[in-house]
Structure formats: C-alpha cells, structure tokens
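Enquirer: Take a look at the following structure, please.
The values are calculated or read from the model by the stated rules, or taken from the named source; none is laboratory data. As the structure is a prediction and not an experimental result, all values here were calculated from the model. Note: ideal-geometry Cβ built from the backbone for every residue, glycine included; neighbour counts use all protein chains shown. Remember, those area values only see protein heavy atoms, side chains included, never the ligands or the DNA or RNA. Shrake-Rupley method; radii C 1.70, N 1.55, O 1.52, S 1.80 Å.
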Amino acid sequence: MLLSNLDLLATAPGGVAKLRELILTLAVQGKLVPQDPADEPAGVLLQKIRAEKDRLIAEGKIKRDKPLAEIAEEEKPFELPQGWEWVRLGDICAYIQRGKGPVYAESSEHRVVSQKCVRWYGLDLAPARFVTPESLSKYEPIRFLQAGDLLWNSTGTGTIGRACLVPVEHDNAGLVADSHVTVVRPVQISSWFLWRWIQSPYVQSEIEGSASGTTNQIELNTSTVVNHLVPLPPLAEQSRIVTRVEALMRL
C-alpha cells in the first residue's frame, strides 16, 4: 500500500516530509516489516545486555547505574508487536553523558564535537574546534567517541533533539563532545535503529515538552535521556527495519 502510493504522497504539498514521518512511524511501531516468530525475542536480548553491562562493570570500564523506575502502562505511547519490549534508554546503554567544555586551541590533533557538527545527515567535523592536549589529558577514556555512539543535541531552540551516529572512520579517533551534546552508547543493539527512533515523530514532537529551561536556552537533561522510553524489537528485526527504512528513504 505504501509503495503503490509513494509517488502520489511524495508529490503532494509537503509530501516528502510527511512521507518520511509515515515511514518512521510505521517502522518504530513494528508495522513496516513482518515479524518472524523464529527471532529471538527482545526479552532475551535484554538479558544479554544486562550480562554485558555486568561484565563491563566488573572490569571497571563503566560504573553501575542506578535502578530505573518500572515502566507504567500509561507511559507507553502505543502497543508493541509480539516479541518487542518497552525499555528505558539507560537500561540498554553502557554510557549516557553530556560532554564537557574543553580548553580550546588554535590547532591540535584532537577535535571537539559541538551541536553544529551533529546533523541529521551525519557527523560534520567542518565546524569542530580543536582542544589542547593538556585539557584532553584530564578526560576519562570513556569520554572519547566510538563508532556507533549516538550524539544527541541537548541545548538550544532549533538544534535540540537533532542526532547522528559516529561513523566507523572516526572510531577512537580522539574526538570528544562538548557540553551541549549528549553521548549515548548502546549495548548489543542496532545504533541505526535507535537513531531512527530518535528521528521519529514520537520523539521529536516530545522534545520541546520534555526539555527544561528558558525559551531562549532549552535543555534536554541527562536524566530525561536516561529515562527515555524506547520500543525494542528483536535484534534480527532491528536489522530488517533499518534496511527497509534506508531503501524507502532512498526512493
């Protein structure tokens, strides 16, 4: 049905934007690709995520996070397909933290990712400023960006809510985020699926309401990000959804 009306929808006034929203809405609801009963359910995936986080804690690589509140029925924005689970973002991530303000330099080997660098089309390092080696020496290893990290703008009208992923070519390249960008590091799930969820109308329409602060400088607090609800499909279905969304977006 969607494909047969693609041209008609796309050529309507504002059609392309509405079509993208529709694709993302169907994707995150589990209505874009069929479910496969053979897929390992999200509940089993959650057990694996918890085990991996426990291993990282035991090795001293991450800190033990505080238990998050149970998800109440009234919090859930829609019903999920069989095999999916509602989770809080903090439960499926090893690290969620705002960056910090560095000491800037005219030039160096290391750059700081600002909200200007975080674009929907990807990470743009052209506006990135440099950081002094002395300042960088005080950063914990966990603060350096890794491939698959989701960068989420957390400050300012017009830029708040925008997100992108750190690509493979910038894995452990000495990049850090500034204090206006939240770094979200998922565990054993598709970063691309998570990015598409953040991009969906469900999340973007709620950003203004959940942000706090004055109208001139609104903030998406770290606690809000940690407690953010995510619909978690089985891992295999995450991959199918991402592939299907990419194909439809190209069309």
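Enquirer: Decide, for region 54-160, between rounded, prolate and oblate: order the square roots of the alpha carbon gyration tensor eigenvalues as a ≥ b ≥ c, take rounded if a/c falls under 1.5, and otherwise choose prolate if a/b is larger than b/c, else oblate.
Expert: Details: a/c = 2.72, a/b = 1.59, b/c = 1.71.
Oblate, because a/c is 1.5 or more while a/b does not exceed b/c.
Enquirer: What's the FRET efficiency of GLU169 with GLU79 using the Cβ-Cβ distance as r and R₀ = 41 Å, to the nearest 0.05?
Expert: Computed FRET efficiency for GLU169 and GLU79 comes out at 0.55.
Enquirer: How about region 138-178: which trypsin sites (Lys or Arg not before Pro) there are in a DSSP loop, with at most 16 other Cβ atoms within 10 Å of their Cβ?
Expert: Numbers: sites: LYS138, ARG143, ARG162; in loops: LYS138, ARG162.
Listed in order of number, the matching sites are LYS138.
Enquirer: Angle, helix 15-28 long axis vs. longest principal axis of the chain, Cα atoms, 0 to 90°, nearest 10?
Expert: With rounding to tens, the tilt is 90 degrees.
Enquirer: Let me ask something else. Report P(r) for the chain: all Cα-Cα distances, bin width 5 Å, range 0 to the bin holding the largest distance, values in whole percent.
Expert: Spelled out bin by bin, the chain gives 1, 6, 12, 16, 18, 17, 14, 9, 5, 2, 1, 0 percent.
Enquirer: Right, next: Measure nothing fancy, just the Cα-based angle from helix 235-250's long axis to the longest principal axis of the chain, in degrees from 0 to 90, nearest 10.
Expert: The two axes meet at around 90 degrees.
Enquirer: Please state the charge dipole magnitude for the chain, taken about the Cα centre, from unit charges on C-beta atoms (+1 on K and R, -1 on D and E), reported in debye and rounded to the nearest 20.
Expert: Numbers: 27 positive and 30 negative charges, 85 e Å.
Once rounded to the nearest 20, the dipole reads 400 debye.
Enquirer: Please go through the residue pairs LYS48/LYS138; LYS66/LYS100; LYS63/LYS116 and name each one whose alpha carbons sit more than 26 Å apart in this structure. Present the calculation step by step, with values, prior to reporting the outcome.
Expert: On the way: LYS48/LYS138 33 Å; LYS66/LYS100 22 Å; LYS63/LYS116 30 Å.
Among LYS48/LYS138; LYS66/LYS100; LYS63/LYS116, the Cα-Cα distance tops 26 Å for LYS48/LYS138; LYS63/LYS116.
Enquirer: Give the accessible surface of the chain per residue, rounded to a whole number of Å², with probe radius 1.4 Å and ligands, DNA and RNA excluded. Don't skip to the answer; put the middle values down first.
Expert: On the way: 13120 Å² over 251 residues.
Dividing the accessible area of the chain by its residue count gives 52 Å².
Enquirer: Can you tell which of GLN146, GLN238, GLN82 shows the greatest fluctuation in a Gaussian network model of the chain with Cα springs below 10 Å?
Expert: GLN82
Enquirer: I've got another one for you. Ranked by accessible surface with a 1.4 Å probe, highest first, in what order do TYR139, TYR104 come? Let's see the in-between values first.
Expert: Numbers: TYR139 20, TYR104 80 Å².
If we order TYR139, TYR104 from most to least accessible, we get TYR104, TYR139.
Enquirer: Considering only LEU24, LEU145, GLN82, whose Cα is most displaced toward the positive end of the charge dipole of the chain, charges sitting on Cβ of Lys, Arg (+1) and Asp, Glu (-1)?
Expert: LEU145
Enquirer: Over all directions, how big on average is the projection of the convex hull of the alpha-carbon atoms in region 133-178, in square nanometres? Numbers along the way, then the final one.
Expert: Numbers: hull surface 15.0 nm².
Reported value for the Cα convex hull: 3.7 nm².
Enquirer: Calculate one ³J(HN,Hα) per residue across region 183-194 by plugging θ = phi - 60° into the Karplus curve 6.51 cos²θ - 1.76 cosθ + 1.60, and present them in order as whole Hz with x for glycine and proline.
Expert: So the J values, rounded to whole Hz, are 9, 10, 10, x, 10, 6, 10, 6, 4, 5, 5, 4.
Enquirer: Next question. Rounded, prolate or oblate: which fits region 113-152, taking a ≥ b ≥ c as square roots of the Cα gyration tensor eigenvalues, rounded meaning a/c under 1.5, else prolate when a/b beats b/c? List each step's numbers first, then the result.
Expert: On the way: a/c = 3.12, a/b = 1.49, b/c = 2.09.
Since a/c reaches 1.5 but b/c is at least a/b, the shape of region 113-152 is classed as oblate.
Enquirer: Turning to a different aspect of this structure: Can you list residues from other chains, or at least 5 along the same chain, whose modelled amide H is less than 5 Å from the amide H of ARG98?
Expert: Here VAL183 satisfy the definition.
Enquirer: Under 5 Å between amide hydrogens, which residues at least 5 positions from ILE62 or on another chain qualify, with H placed 1.01 Å from N in the peptide plane?
Expert: Residues meeting the criterion, in which the H sits 1.01 Å from N, are ILE57.
Enquirer: What residue among PRO81, PRO234, PRO41 shows peak mean-square fluctuation when the chain is described by a Gaussian network model with Cα springs under 10 Å?
Expert: Top of the fluctuation ranking is PRO81.
Enquirer: Answer with one residue from PRO167, SER179, PRO102: the one whose Cα lies farthest towards the positive end of the charge dipole of region 88-227, charges on Cβ with Lys, Arg +1 and Asp, Glu -1.
Expert: The listed residue farthest towards the positive side: SER179.
Enquirer: So what's the back-of-envelope 222 nm ellipticity for the chain, counting only DSSP H runs of four-plus at -39500 (n - 2.57) apiece and dividing by all residues, rounded to 500? It would help to have the intermediate numbers written out before the result.
Expert: On the way: 8 runs with 81 residues, N = 251.
After summing the helix terms and dividing by residue count, I get -9500 deg cm²/dmol.
Enquirer: Cut-off 10 angstrom, C-alpha nodes, Gaussian network model of the chain. Which of LEU150, LEU165, LEU26 fluctuates the most?
Expert: LEU26
Enquirer: Right, another one. Please determine, in degrees from 0 to 90 and to the nearest 10, the orientation of helix 42-58 with respect to the longest principal axis defined by the Cα atoms of the chain, where the helix direction is its Cα long axis.
Expert: Helix 42-58 sits at roughly 10 degrees to that axis.
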